[in-house]
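K.L.:
The structure is given below, and queries will be raised subsequently.
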C-alpha cells in the first residue's frame, strides 16, 4: 500500500502527464531491437503486464501494448522509456551509439535488464555511448527507489541464478539518472505472467512495483526544456513523413 507521500507523488504525475503527452504521443515502453545475437525479444509477457500495472496504479494514460523500436528509427524520440534485455550479445553500430546518446540528451530514459548473459557486452557498448560517464551504484536514497513504492534496500532480487545480490547501476548526466541497469535481479522475469517461473507471487509483485517506479521516474524526471525540444523534433519528423 502506498503511504501519503507516495500518493502525493502519483498525484503529481497526473499534473505532469498532459504536458508530457503533448510532447510524447506514445506513453508506453519501447523494447529496443538490436543486433549481435542476443534475444532482445525475451520475456514476451513482461512489458504488457508492467504497462497494465502502471495503468491501474497511477493516473498515467499509458498504452497497454509495448512498442518495438530500433535505435535508428525515426520514432525513437516518441517514447519516454526504452527497455533493453536479453541473454546473449548486444552490438551497437556507430550510428546507434550516437542515437542512444542523443536520446538521453533529449530527456529519454533507458532501462537495461540483464537477463543473465548480457552483462559483459552491454557494459562494453555502454562504455561507447557514455565514454566519460561510467556505471555507478545508484544510491539507496535516489527517487527511483521511492517515487511510488519504497525500496529502502534497493533493487529487489527476483529470479535466482547465481547467488549474487541484485545491484542497481546507473549513468548520470548532471544530477539526472538517464540509464538504470538492473543486474542480477531479473525484473523482466518477475513481470511475466505468474506461473511462468517458480518464483512466488510476492516476487512478481515486487518486480511490478519496481517497474512502476522506473516508468514514473522516467516521466517525471524529464527536463521541461527537453519536452519542448522533443515536441519540436516530433513535429518536424511528422512533417517530413
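K.L.:
Determine the gain in length on full extension of the stretch residue 164-residue 124; use 0.36 nm per residue of separation and subtract their C-alpha separation, reporting nm with one decimal.
P.N.:
Numbers: separation 40, 0.36 × 40 = 14.40 nm, distance 2.08 nm.
Roughly 12.3 nm would be gained on extension.
K.L.:
Restricting to the range 23-145, what percent of DSSP beta bridges are antiparallel, rounded to 5?
P.N.:
5
K.L.:
Right, something else. By average Cβ neighbour count within 10 Å, what is the ranking of 158-165, 78-85 from highest down?
P.N.:
The packing order, highest mean first, is 78-85, 158-165.
K.L.:
Provide the percentage of antiparallel DSSP beta bridges, counting only those with both residues in the range 32-239; round to the nearest 5.
P.N.:
For the range 32-239, the DSSP antiparallel bridge percentage is about 45.
K.L.:
If you wrap the range 32-239's Cα atoms in a convex hull and average its projection over all directions, what's the area in nm²?
P.N.:
11.2
K.L.:
Now for a different question. Rounded to the nearest Å, what's the spacing between the alpha carbon centres of the range 134-150 and the range 174-204? Just the number, please.
P.N.:
Spelled out, the Cα-based centre of one part sits 14 Å from the other.
K.L.:
Using the per-residue mean of other Cβ atoms lying within 10 Å as a proxy for protection, in what order, highest first, do the peptides 50-59, 193-202 fall?
P.N.:
Highest mean packing first, the order is 50-59, 193-202.
K.L.:
Hey, could you grab the Kirkwood Rh for the range 154-208? Inverse mean 1/r over distinct alpha carbon pairs, Å, one decimal.
P.N.:
In the range 154-208 this quantity evaluates to 12.0 Å.
K.L.:
May I ask what percent, to the nearest 5, of DSSP beta bridges between residues of the range 97-183 are antiparallel?
P.N.:
70
Readers should treat all values here as calculations from the given coordinates under stated rules, not as data from a laboratory. The structure presented is a predicted model; accordingly, all values stated were derived computationally and were not measured. Note that we place each Cβ from the backbone using ideal geometry, even for glycine, and neighbour counts take in every protein chain shown.
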